[in-house]
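Participant: My questions all concern the structure below.
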Amino acid sequence: MTEPLLRADGLVKHFPVLRGVVFRRAVAEVHAVDGVSFEIAPGETFGVVGESGCGKTTVARLVMRLVDLDDGTLTSDGEDITRVRGEALRKLRLKMQIIFQDPFASLNPRMTVGDIVGEPLHIHNMWKDGGPRRVRELLDLVGLAAEHAERYPHEFSGGQRQRIGIARALALHPKLVVCDEPVSALDVSMRAQILNLLKHLQEEFGLTYLFISHDLSVVRQVCDRVAVMYLGQVVEVAERDALFDRALHPYTQALISAIPIPDPELERKRRRIVLQGDVPSPQDPPRACRFHTRCFKAQEICEQIEPELEQRCDDHPAACHFAEPRAPVVESPA
Amino acid sequence: MTDVTYFDPERDSARPVIAVEDLVAEFRTEAGIVRAVDGVSFDIAQKEVFAVVGESGCGKSTVALSVLGLLPQPAGRIAGGKVLFRGEDLVSASPARLRQVRGDRIAMIFQDPLSALNPTIRVGEQIAEVFRAHREIEPKVAWEQAVELLSIVGIPRALARAKDYPHQFSGGMRQRVMIAMAIALRPALLIADEPTTALDVTIQAQILEVLLDVRERFDMAILLITHDLGVVAGTADRVMVMYAGKKVEEAPALDLYRTPKHPYTWGLLGSTTRVDRPRTGSLPQIPGSPPSLLVPPPACRFAPRCPRVQPICRTDYPELRKVDVGQVAACHFAQDPGWGPAPEEVPA
Amino acid sequence: MTDDIKSAHHPEIGELEIAAAELPDDTLARMGLDAVGASQWRIVWRRLLRHRLAIASFGILVLLGVIAVFANVFAPHGYATQYLSQQLRSPGAGHWLGTDTLGRDELSRLIYGGRISLAVGFGVALSAGVIGTIVGSLAGFYGGRLDTLLMRVTDLFLSIPLLVILIVAATLLGGSVLDIVIVLSIFFWMPLARIVRGSFLSLREKEFVEAARSVGASNFRIIVRHMLPNAIGPIIVNVTLAVAEAILIESVLSFLGFGIQPPTPTWGNMLAESRDLATTAPWLVWFPGLCILLTVLCVNFLGDGLRDAFDPTQDLIKR
């Protein structure tokens, strides 16, 4: 691998659970992210998947420096960005941008589309240098018309709003774009349009994506490498096809097998792993292997010794005492 | 409650549980009248899982609400058509009769179970309440039944958990509680409106399993409203696809996926991401966005986005055409031999 | 409940538009204004113009203001001139709105009284609005210790009986209009501060605020450009209510003898003086009461219109 564009090393973020009105005190801690490490190479799409509460969205915000780390380091292009503040942090914004999940909540309803897309230019003193032209260019890039600049976000459909969000993220020519569930709030036909747009933009500008999603089928479509998270920890990292065809961790296997396939014949023939119970509370995660309470392979050792995230076969680390591949999604591709 | 129509195998097994005929549902808005559902017909047989698929705004949820007579008031109303429940028209039924049928013979579960449950009442009480509303029954018996229902839908330690409040349950468990409430009186039809959309995938798999299990156990028909073609594939017997208030295609599940006859159907299938397929270039996509229902396209509503559009599509409305046993499609060319998606419209 | 009824999680779209949300969203686009090349304020002004009641109210308020400012031109008599032979005349020719116990012309007194009442009402509402907005913004935006500190100060102010302090302050400061505005403002900002803090707390969690942060916006920019415009509705409602309240409180002060002193008229003290004459000379109660009511109503309607005008989603409603 070449020099990574972004390296995350042992990221930790715990959120305090506050109680009390006058004197607020922490009564517990949510272990949102608990020792997460990964590297993203320039030009690749690195996926982070997991269910709600696994910490994937917190990872996105940590990387964007929207929330502060409790522990760990972030390195971008060899520069430590873990604690940059003020002007240095503003400079960092030129390099890293984010696309949000909810196209209804991520655009200020009181600003016009032109103001929204142009805001990064104003903030970074680039407006005088052909600002309006750049806004038109950006709108055109994401498939909107120049006249749309005068409208307000509520006049657009979900898919179009997501395009506005993408235009804003691209305004500063970033290298890394964090995509936080960019299509999960959209309808199927809009989803395909946005995924194709993201891919097109990546090819055109050599963008690197950190792609956060709960939907493994979307991840399979867009990502080059994937990390699977469970309760604040990475349980498996692999190249896309290695992950989908030879998943090693029981959780990944269950997750893949739970995604329905839009094909009745295959869908009804599948051997599905139905996990028992719910995801435990991240306030009080299970000891040792965090997945052992729901795991179909769990043994005594899983409750006692935490499995390390270590290489199982070539470049395919998984954190399980009993990691081994399972048959692919569908037993015999028809 | 004496005159509730119960299922009589001899009389009823041949005819559909519910038959919707030419349903028209309208909403008054500031900008004018909107036909959210425009002339939709379908029927659901005993024990059948019938899925209605489409994107947001296509009218699928309005269909579900119309069947129950629950359109938001005063903006919404049923402007035409019939909803025949075992032959009895619910559109013209009295409000009292509708209340009787609702919850008893036809029950519904929603996407967000938390807002459908009362946060201040123990879940066991809430289920028992369903019995007391519709049946004369001892409180103690009702409670016992509630506990039993909770264990049927797979809630562990049902006896203890019946005393808990809704917020003490996780999302998946709450949806199970909703299902328990809905099936309490053994309804003939269960309407499930996006029952798993708010849930994680591993939980979704559990809930779908519960639904299919109670269908089997109680011989219920299920009207499943969803946008997810994957969920449909695993659960539905027959599928209706809606677009901009119209029914565009209906077919047995296998045929719909194997030989879709409406370009919108295959557009949806093509643009759905799949976990079992390696990436092959870009996804096929449907261009544009759905039309305004205030000023819908004059003829075929899909024409502005259709890859196969012809002049006739912009002038004549395509009626539903029969293309195979049980399969109809509202496309002028549906009956043409060889009509179907081109190879590039379906990813390999 | 359903995806068709999408507005449920979208507070800007009200209940009435449940059905409208059933439409694909770009329909709404077609119904929207094509506001090409207009600045934010021009757009707000144009929307306000469509709000007839608000415009009428605005007109009336301007009229009242002009009459009050040029009271010496409009008033037919002096406010303190006593026509001793014409005490307690009912409305009619000569004295259109009648006279009071001292034979002073009621209309002239109302016109002069408007000067002070309007100045106090608007002065207090605006300055208290500014204080409340600043305190609430800072508390809601920064949270933590600053929030705790500011909110305890707010509680402290709320817990002091208003009247006691007003009386003390008015005797210390004297009874000029400016003094009254200052003193009242200090005790009028708390409710607004709490409201603004509340909406800031919820706005702080919105993704568009995070989005602004992630493009590098400063805290000041986020407060002014992203959060305040989205909190403008409650601010305007609260400020308009404060206008009415300040006019009335001023009358209480006058009544207690600590506000503007007779013979200088205010609507409040005119109302107070005539309280015993409600049966014998009812017009002395009605006219100042009506003036206060008219001002309060107009301010409220104008506030309504302004709130709608600032909300771009209101384009949906055609008038």
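Participant: Relative to a virtual label point 7 Å from the Cα of A:ARG272 in the Cα→beta-carbon direction, which members of the stretch B:151-171 show backbone nitrogen distances below 17 Å?
Facilitator: B:153-155
Participant: May I ask you to give the percent of accessible area on the stretch C:58-310 that is carbon plus sulfur, with a probe radius of 1.4 Å? It would help to have the intermediate numbers written out before the result.
Facilitator: Numbers: 7970 of 11140 Å².
Carbon and sulfur together cover 71 percent of it.
Participant: Can I ask one more? Work out which residues of the stretch A:208-230 lose at minimum 40 square angstrom of accessible surface when the other protein chains are put back, relative to the chain isolated, with a 1.4 angstrom probe, and list them by number.
Facilitator: A:SER217, A:ARG220, A:GLN221
Participant: Also, I was wondering about something else. Kirkwood hydrodynamic radius for the protein assembly as shown: how many Å is it when counted over pairs of different Cα atoms?
Facilitator: With all distinct Cα pairs of the protein assembly as shown included, I get 32.2 Å.
Participant: Stick to the Cα atoms of the stretch B:129-232, pair each with every other, and give me the Kirkwood hydrodynamic radius in Å at one decimal. It would help to have the intermediate numbers written out before the result.
Facilitator: Working: mean 1/r = 0.0697 Å⁻¹.
Value: 14.4 Å, from the Cα pair sum.
Participant: Given A:LYS269/B:LYS247; A:LYS13/B:LYS163; A:LYS269/B:LYS163, which pairs have Cα atoms separated by over 31 Å? Before the final figure, lay out each step's value.
Facilitator: On the way: A:LYS269/B:LYS247 29 Å; A:LYS13/B:LYS163 35 Å; A:LYS269/B:LYS163 39 Å.
Correct reply: A:LYS13/B:LYS163; A:LYS269/B:LYS163.
Participant: Shifting gears a bit: Which values of log₁₀ I(q)/I(0), to two decimal places, follow from the Debye formula for chain A at q = 0.10, 0.11, 0.15 Å⁻¹ with a uniform point scatterer at every Cα?
Facilitator: These q points yield log10 I(q)/I(0) values of -0.64, -0.77, -1.30.
Participant: Contour minus end-to-end for B:ARG135 and B:VAL309, with contour as 0.36 nm per residue of separation and end-to-end as the Cα-Cα distance?
Facilitator: Details: separation 174, 0.36 × 174 = 62.64 nm, distance 5.55 nm.
Here the answer is 57.1 nm.
Participant: How would you order A:211-217, B:210-216, B:137-143 from highest to lowest mean count of nearby Cβ atoms within 10 Å?
Facilitator: Numbers: A:211-217: 23.4, B:210-216: 17.6, B:137-143: 13.6.
Highest mean packing first, the order is A:211-217, B:210-216, B:137-143.
Participant: Starting from the coordinates of the alpha-carbon atoms of the stretch A:173-229, obtain the Kirkwood hydrodynamic radius over all distinct pairs and give the value in Å to one decimal. Spell out each step's value before the answer.
Facilitator: Working: mean 1/r = 0.0848 Å⁻¹.
Final number for the Kirkwood radius of the stretch A:173-229 is 11.8 Å.
Participant: Also, quick follow-up: At 1.4 Å probe size, with no ligands or nucleic acids counted, give the accessible surface of B:LEU320 in Å², nearest ten.
Facilitator: About 80 Å², ignoring ligands and nucleic acids.
Participant: Let me ask you something else. Are there any residues in the stretch A:45-72 with a reduction of at least 40 Å² in accessible surface when going from the isolated chain to the assembly of protein chains? Probe 1.4 Å, please list them by number.
Facilitator: Those are A:GLU51, A:LEU66, which lose 40 Å² or more relative to the chain on its own.
Participant: Further question: Along each of its three principal axes, how wide is the spread of alpha-carbon positions in the stretch A:279-327, in whole angstrom units, largest first?
Facilitator: Computed over the stretch A:279-327, the largest-to-smallest principal extents equal 34, 19, 19 Å.
Participant: Moving on. Mind putting a number on the dipole of the protein assembly as shown about its Cα centre? Charges go on the C-beta only, +1 for Lys and Arg and -1 for Asp and Glu, and I need it in Debye to the nearest 20. List each step's numbers first, then the result.
Facilitator: Working: 104 positive and 116 negative charges, 402 e Å.
In total the dipole reaches around 1940 debye.
Participant: I would also like to ask the following. Once you have all Cα-Cα distances for the stretch C:58-310, histogram them in 10 Å bins from zero and send the whole-percent values.
Facilitator: So the P(r) values, bin by bin, are 7, 27, 28, 20, 11, 5, 2, 0.
Participant: Based on Cα positions only, what radius of gyration and what Dmax would you give for the stretch B:138-191, in angstroms?
Facilitator: Over the stretch B:138-191's Cα set, Rg and Dmax evaluate to 11.0, 31 Å.
Participant: Could you quote the convex hull projected area for chain B, Cα atoms only and averaged over all directions, in nm²?
Facilitator: On the way: hull surface 76.4 nm².
Mean orientational projected area (chain B, Cα hull): 19.1 nm².
Participant: So, one more: So which aspartates and glutamates can B:LYS261 reach, going by Cα to Cα under 17 Å and dropping same-chain residues fewer than 8 places off?
Facilitator: A:ASP263, B:GLU249, B:GLU250, B:GLU319, B:ASP324, B:ASP336, B:GLU344, B:GLU345
Participant: Expressed as a whole number of Å, what is the distance separating the alpha-carbon centroids of the stretch B:165-219 and the stretch C:147-223?
Facilitator: If we compute the Cα centre of each part, the gap is 48 Å.
Participant: Tell me, how many Å apart are the Cα centres for the stretch A:180-254 and for the stretch B:297-326?
Facilitator: After rounding, the separation between the Cα centres reads 36 Å.
Participant: Now, a different point. Please report, as a whole percent, how much of the solvent-accessible surface of the stretch A:212-334 comes from carbon and sulfur atoms (probe radius 1.4 Å).
Facilitator: Values: 2350 of 5200 Å².
Taking all protein chains in place, the stretch A:212-334 shows 45 percent carbon and sulfur surface.
Participant: What does the accessible area per residue of the protein assembly as shown come to in Å², with a 1.4 Å probe and no ligands, DNA or RNA counted?
Facilitator: Values: 41100 Å² over 1001 residues.
For the protein assembly as shown, the per-residue accessible area is 41 Å².
Participant: Using a 10 Å cut-off on Cβ to Cβ distances, tally the other chain neighbours for every residue of B:48-57 and report the average as a whole number.
Facilitator: Working: counts 0, 0, 0, 0, 0, 1, 4, 9, 15, 11.
Taking all residues of B:48-57 together, the mean is 4.
Participant: Where in the stretch A:103-191 are there trypsin sites (Lys or Arg not before Pro) that are in a DSSP coil and have at most 12 other Cβ atoms within 10 angstrom of their Cβ? If you can, show how the numbers build up before the last one.
Facilitator: Numbers: sites: A:ARG110, A:LYS128, A:ARG133, A:ARG134, A:ARG136, A:ARG151, A:ARG161, A:ARG163, A:ARG168, A:LYS175, A:ARG191; in loops: A:ARG110, A:LYS128, A:ARG151, A:LYS175.
Sparse-neighbourhood loop trypsin sites (Lys or Arg not before Pro): A:LYS128.
Participant: Sticking with this structure for a sec: Using helices alone, what [θ] at 222 nm do you get for chain B, with -39,500 (n - 2.57) per DSSP H run of 4 or more residues, divided over all residues and rounded to the nearest 500?
Facilitator: Numbers: 12 runs with 107 residues, N = 348.
When only DSSP H runs of four or more count, the value is -8500 deg cm²/dmol.
Participant: If you don't mind, another one. So for chain B: antiparallel DSSP bridges make up what percent, rounded to the nearest 5?
Facilitator: On the way: 31 of 50 bridges.
Bridges in chain B that DSSP calls antiparallel: roughly 60 percent.
Participant: Expressed as a fraction of 2.2 N^0.38 Å, the rule-of-thumb size for a compact globular protein of N residues, what is the C-alpha radius of gyration of the stretch C:96-237?
Facilitator: Working: Rg = 20.1 Å, N = 142, 2.2 N^0.38 = 14.5 Å.
Dividing the Cα radius of gyration by 2.2 N^0.38 Å gives 1.39.
Participant: Still on this structure, I have one more. Would you compute, from DSSP H runs of 4+ residues alone, the mean residue ellipticity of chain A at 222 nm, taking -39500 (n - 2.57) per run and dividing by the full residue count, rounded to the nearest 500? Please report the intermediate quantities before stating the final value.
Facilitator: Details: 11 runs with 102 residues, N = 334.
Calculated mean residue ellipticity at 222 nm is -8500 deg cm²/dmol.
Participant: Order A:HIS31, B:HIS167, most accessible first, counting only protein heavy atoms with a 1.4 angstrom probe. Can you show the working numbers first?
Facilitator: Values: A:HIS31 40, B:HIS167 130 Å².
Greatest to least solvent exposure: B:HIS167, A:HIS31.
Participant: If you don't mind, there's one more thing I want to ask. Using mean Cβ contacts within 10 Å as the protection proxy, how do B:77-87, B:246-256 order, highest first? Kindly include the intermediate steps, with their values, before the conclusion.
Facilitator: Values: B:77-87: 17.9, B:246-256: 23.6.
Top to bottom by mean Cβ count within 10 Å: B:246-256, B:77-87.
Participant: Also, quick follow-up: Let me confirm one metric for peptide A:110-116, namely the mean number of other chain beta-carbon atoms within 10 Å of its residues' beta-carbons. Write down the numbers at each step before the final one.
Facilitator: Values: counts 15, 8, 5, 0, 0, 2, 4.
Average per residue, whole number: 5.
Participant: At a probe of 1.4 Å, how much accessible area disappears from chains A and C on forming the pair, both sides counted, to the nearest 100 Å²?
Facilitator: That pair of chains buries around 3300 Å² in total.
Participant: Sorting check: for C:279-285, A:58-64, which peptide has the highest mean count of neighbouring beta carbons within 10 Å, and how do the rest follow? Display every interim value, and only then the final one.
Facilitator: On the way: C:279-285: 16.1, A:58-64: 23.3.
Put in order of decreasing packing, that is A:58-64, C:279-285.
Participant: Pairs B:LYS60/C:LYS206; A:LYS91/A:LYS175; B:LYS47/B:LYS82; A:LYS199/B:LYS246; B:LYS47/B:LYS246; A:LYS175/A:LYS199: which exceed 23 Å Cα-Cα? Write out the running numbers ahead of the final one.
Facilitator: Values: B:LYS60/C:LYS206 30 Å; A:LYS91/A:LYS175 13 Å; B:LYS47/B:LYS82 21 Å; A:LYS199/B:LYS246 33 Å; B:LYS47/B:LYS246 25 Å; A:LYS175/A:LYS199 14 Å.
Distance filter (> 23 Å) returns B:LYS60/C:LYS206; A:LYS199/B:LYS246; B:LYS47/B:LYS246.
Participant: On to the next question. Given chain A, what percent of its DSSP beta bridges are antiparallel, to the nearest 5?
Facilitator: Values: 29 of 47 bridges.
If I count the DSSP bridges inside chain A, around 60 percent turn out antiparallel.
Participant: Further question: Let me know the Rg and Dmax you get for the stretch B:1-142 when you use only its Cα atoms, in Å.
Facilitator: Cα radius of gyration and Dmax of the stretch B:1-142 are 16.9, 53 Å respectively.
Participant: Kindly state, as a whole number, the per residue volume in cubic angstrom of the convex hull around the alpha carbon atoms of the stretch A:188-313.
Facilitator: Details: hull volume 18.3 nm³, N = 126.
Roughly 145 Å³ of hull volume per residue.
Participant: Tell me: how much accessible area in total is hidden between B and C, 1.4 Å probe, Å², nearest 100? Let's see the in-between values first.
Facilitator: Values: alone 16350 and 17220 Å², together 31770 Å².
Approximately 1800 Å² gets buried when B meets C.
Participant: How much solvent-accessible surface does B:ILE152 expose, in Å² to the nearest 10, with a 1.4 Å probe and all protein chains in place?
Facilitator: Result for B:ILE152: roughly 30 Å² accessible.
Participant: Using a 10 Å cut-off around each Cβ of peptide B:262-272, what is the average number of partner chain Cβ atoms that fall inside? Before the final figure, lay out the partial values.
Facilitator: Values: counts 0, 0, 1, 0, 0, 3, 5, 3, 3, 9, 9.
If you average over the peptide's residues, the count of other-chain Cβ atoms is 3.
Participant: Among bridges DSSP assigns within the protein assembly as shown, what percent are antiparallel (round to 5)?
Facilitator: Values: 61 of 98 bridges.
DSSP beta bridges in the protein assembly as shown are roughly 60 percent antiparallel.
Participant: Moving on. Using Cα positions and a limit of under 12 Å, work out the aspartates and glutamates in reach of A:LYS95, with same-chain residues fewer than 8 apart set aside.
Facilitator: Within the straight-line cut-off, A:LYS95 pairs with A:ASP77.
Participant: Related question: Buried accessible area between A and B (1.4 Å probe, both chains summed, ligands and nucleic acids excluded), in Å² to the nearest 100?
Facilitator: 3900
The values are calculated or read from the model by the stated rules, or taken from the named source; none is laboratory data. Keep in mind that what you see is a predicted model, and the values were worked out from it rather than measured. Cβ: placed from backbone, ideal geometry, glycine included. Neighbour counts: every protein chain shown. Ligands, DNA and RNA are stripped out before the accessible areas are found, and what is left, the full protein with its side chains, is counted by its heavy atoms. Shrake-Rupley method; radii C 1.70, N 1.55, O 1.52, S 1.80 Å.
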